[in-house]
Every structure is written in structure tokens, then in C-alpha cells.
Amino acid sequence: MPSGKVKFFDADKGFGFVSGDDGQDVFLHVNALPTGVSTLKGGTRVEYSVAEGRRGAQALSVKVLDPTPSLAARHRKPADDMSVIVEDVIKLLDGVSAGLRKGRYPDKAQATKVSAVLRAVADDLEV
């Protein structure tokens, strides 16, 4: 069976393309995906059979070989750096907490910055 990597897959349109290890691009329809799979991310390795359709080669009976590569794992910060960042977030939240104890929510600009920092740290922590 040929194998390759998903070039792209548009779940809304229900199709994409696989770049085969032999260099041939193969059309991939959503109906060829395994049961329970409705989309694939670019870079996912797959194995498939090929049939010639009206418009060229088409993948059939797709089998996912490995999970989608994790971009977060490739860009994960070292634990020492993250400990410093978490300590800074704690100080930031202590300031927000002090204001809340006095009955004051942070103004919109500060709240937006705090929430952006929290989302960024959460993304760095999540694998």
C-alpha cells in the first residue's frame, strides 16, 4: 500500500490531497477516511490504496499511521524558563486580586492584557 503525508484537508468541503512518498499527489475524499475520523491535519502520515478516477488518482481506504505532529511540543519552553514565567503570572494575578479585594475590577485594557497573558501561558503549559 502506498503511504504519504496529508498536504491539506478542508473538512468543510470534504476533501484534500495526500502527497505520496513517490511524489504523486492523490485526491482524498472524506468518504475514504476511517470510521470516526472526519478531518486530518496537514503533515499527518497515512497509508491508502489508489484508484484511478475521472480526474486522476484518488485515495481509498485511508489508514492513519501516526498522529498529527504537535507544534506545541516542538516549541515547548524549558521548565526553568516556565517556572520564572509562572512566578511572574502569580505576581500579576496578586495585583488583580488586591484590586478585587477593594471592590474594583481591572479596567478593560488591563483585563485584556491579563487574559492574553493567561491564554499564552496556558498554551505553553498544554501539550
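Just so you know, all these numbers are worked out from the coordinates, no wet-lab data involved. Keep in mind that what you see is a predicted model, and the values were worked out from it rather than measured. With ideal geometry, Cβ positions are generated from the backbone for all residues, glycine too; neighbour counts draw on all protein chains shown.
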Seminar exercise, completed: Along the stretch 88-95, Karplus-curve 3J(HN,Hα) (6.51, -1.76, 1.60; θ = phi - 60°) to the nearest Hz, with x for Gly and Pro, reads 5, 5, 4, 4, 4, 5, 4, x
For this session: Provide the per-residue ³J(HN,Hα) series for the stretch 97-110, in order, calculated from phi with Karplus coefficients 6.51, -1.76, 1.60 and θ = phi - 60°, each as a whole number of Hz, with x at glycine and proline positions.
Result: 4, 4, x, 5, 4, 8, x, 10, 7, x, 5, 4, 4, 5
For this session: Hey, can you grab everything whose amide H is under 5 Å from the amide H of Thr44? Only 5+ residues off in sequence or another chain; H modelled, so Pro and N-termini drop out.
Result: Val6
Exercise. With Cβ to Cβ distances under 15 Å as the rule, what net charge do the other residues near Gly99 carry (K, R +1; D, E -1)?
Worked result: +4
Problem set entry | Over 25 Å [Cα-Cα, the chain], rounded percent | 50 percent
For this session: Could you work out how far apart the two model spin labels at Ser61 and Val121 are, taking each label as a point 7 Å from the Cα in the direction of the beta carbon, and quote it in nm?
Result: 5.2 nm
Problem set entry | For the stretch 71-125, fraction of C-alpha pairs farther apart than 16 Å, in % | 49 percent
Seminar exercise, completed: Whole-Å distance linking the alpha carbon centroid of the stretch 6-68 with that of the stretch 112-127 is 34 Å
Exercise. Can you work out ³J(HN,Hα) from phi for every residue in the stretch 42-48, in order, using Karplus 6.51 cos²θ - 1.76 cosθ + 1.60 and θ = phi - 60°, giving whole Hz and x for Gly and Pro?
Worked result: x, x, 5, 7, 9, 10, 7
For this session: Output the relative contact order of the stretch 3-64, whole-number percent, from Cα pairs under 8 angstrom with separation of 6+ residues.
Result: 34 percent
Problem set entry | Computed Rg/Rh of the stretch 3-64, alpha carbon atoms with Kirkwood Rh | 0.91
Problem set entry | Selection of trypsin sites (Lys or Arg not before Pro), the stretch 1-72, meeting DSSP coil and at most 16 other Cβ within 10 Å | Lys13, Lys41, Arg54, Arg55
